[in-house]
Amino acid sequence: MQLTLEIADPHVDSDRKLKTALEILEKAFPGIEVDHDEVEQTPYQSLIDITEESFNDVSDALYQIWRSICKEWLHTELDKAKSTDPYKLKGRVFINPKTGKRLTRGEWETIKRDLTRLFGKLYRGKQKQLVMKALALGKILNSMDPAIATDKPANALEIEKVMRTVERSAVYSNMIQFAEVHTGELIQDVTTRSRRAIMQTILQGYQDGTGQRELARKLFDQFSVLNRDWRRIAETENAINFNNGYLLAELEAAPKGEDVFVKGISGAGACPFCRSNLDNQTFVLREKAPGGDDQVTIDKETYTAIWPGKNNFGRKRDEWWACFPSHPHCRCSTIRINPMFEAILREKMKS
């Protein structure tokens, strides 16, 4: 059997077309598992808050950069202009593919320099925001009664103060170093891809003889893709660093030499992997990987070990192991073995 899906003009109405294609695949092959890339739930309002803050800062700036391109390079306005500061283009370039007059090599270099500068400015400082804020939040919420911790907004917590404590703590130093390098690589990658995607869209406009307003629309579609890419990074990196901060705080508070057991908690919308491998499962918490695999025997009972920094980066889906989070958009979390605490979190994650 051969099934061919052809998506006409994939840059137009991309989300709807992708969802439709996934639905067709699921109907044709009932046994396959399709990742719809939907965000799972978290019981913590403050984690939602810092993630939205990370996303909105970039989302607003991406719109302003698009506005600047429309106004200063395409000489077209599609709606009432917002202020383009501080994302103002410096290069004087007029992009008009329909005239057939090609950009010179020097003008392409101007575009490249301007986009490199703007995207560099856009993502500057986001590395620390995604790492330190989330680590500090994990530490804060670990010390709170879940009944209070779940509903507290981020602005009601002393996150900035705890960030300074975490930054000076030897317990967190290795995790901070790893997280900053990892997140920095992601941000460098998205910076490069952002510039390349916009330049490729403009180049394709010349190939197709696209009009200025149509090119503006195609650029808007491309900026929408960059927006979704950034949301994925913001959600995943905040979840990773939050969980690591939470687990490090758990270890920090545990009596020396005592085994720490935690239970996995997943929301109602959790994916099949999380429901089977994380939710309601008991894990033993370790400071670092036990070596070999992730199985640990305690008093003749075998448990899956988790530790700060355990992740599925570079692992194929059928080789994933249980960790928090387990995949992009995963919002599963852990809680100390305490029936009352567990009940509180499950109630928060039902809807």
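Things worth noting here:
- With Cα atoms, 0 to 90° folded angle of helix 14-28 axis to the chain main axis: 60 degrees
- Distant-in-sequence amide H partners of Gly211 (H built 1.01 Å from N, under 5 Å): none
- Positive-end extreme of charge dipole, the chain - chosen from Ile111, Thr334, Gln129 (charges on Cβ): Ile111
- Rounded if a/c under 1.5, otherwise prolate or oblate - the chain, Cα gyration tensor axes: prolate
- Angle between the chain longest axis and helix 159-168 axis [Cα atoms, degrees, rounded to 10]: 70 degrees
- Taking a ≥ b ≥ c as the square roots of the Cα gyration tensor eigenvalues, segment 253-348 comes out oblate, since a/c reaches at least 1.5 and a/b does not exceed b/c.
- Where GluC sites (Glu not before Pro) fall in DSSP loop in segment 248-282, at most 12 other Cβ within 10 Å: Glu258
- The residue list Ile202, Leu186, Val284 was ranked by how far each Cα lies along the charge dipole of the chain toward its positive end, using unit charges on Cβ atoms, and Ile202 comes out on top.
- Sequence-distant residues sharing a close amide H with His329 (under 5 Å, placed H): Thr236
- Within the chain: Cβ-based charge dipole about Cα centre, in debye rounded to nearest 20 (Lys, Arg +1; Asp, Glu -1): 1620 debye
- Integer Hz, Karplus 6.51/-1.76/1.60 couplings in order for segment 48-63, x for Gly and Pro: 4, 4, 6, 5, 5, 4, 4, 6, 5, 4, 6, 4, 5, 5, 4, 5
- Long-range amide H partners of Ile337 with built H, under 5 Å: Phe261, Lys263
- Cα→Cβ-extended label distance, 7 Å offset, between Lys316 and Phe94, nm: 5.6 nm
- Of the residues Ile298, Tyr44, Leu226, the one whose Cα sits farthest toward the positive end of the charge dipole of the chain, with +1 on the Cβ of Lys and Arg and -1 on the Cβ of Asp and Glu, is Leu226.
- With contacts taken as Cα pairs under 8 Å and at least 6 residues apart, the chain reaches a relative contact order of 22 percent.
- Simple spin-label estimate for Phe178 and Thr297 in nanometres, 7 Å along Cα-Cβ: 2.6 nm
- Rounded if a/c under 1.5, otherwise prolate or oblate - segment 45-251, Cα gyration tensor axes: prolate
- Going from the residue with the fewest nearby Cβ atoms within 10 Å to the one with the most, Lys90, Lys263, Lys112 rank Lys90, Lys112, Lys263.
- Summed side-chain charge close to Glu287 - residues other than Glu287 whose Cβ falls under 13 Å, Lys, Arg +1, Asp, Glu -1: 0
- Least to most buried among Leu226, Leu247, Leu215 (fewest other Cβ within 10 Å first): Leu226, Leu215, Leu247
- Proxy reagent accessibility, fewest Cβ within 10 Å first, across Asp229, Asp259: Asp259, Asp229
- ³J(HN,Hα), Karplus 6.51/-1.76/1.60, whole Hz, each residue of segment 305-316, x for Gly, Pro: 8, 10, 8, x, x, 5, 7, 10, 4, x, 9, 5
- From phi via Karplus (6.51, -1.76, 1.60), per-residue ³J(HN,Hα) for segment 322-334 in Hz, x at Gly/Pro: 6, 7, 10, x, 9, 7, x, 6, 6, 10, 5, 9, 10
- Charging the Cβ of each Asp and Glu at -1 and of each Lys and Arg at +1, and nothing else, the dipole of segment 253-348 about its Cα centre rounds to 320 debye.
- Distance in nm between pseudo-label sites at Gln200 and Ser143 (7 Å out along the Cβ direction from Cα): 4.7 nm
- Taking every DSSP beta bridge that has both ends in the chain, the antiparallel portion is near 80%.
Rule-based calculations on the coordinates, nothing more; no lab input. Remember, it's a predicted structure, so these values are computed and weren't measured experimentally. Because the Cβ atoms are built from the backbone with ideal geometry, glycine has one as well, and the counts that use them run over all protein chains shown.
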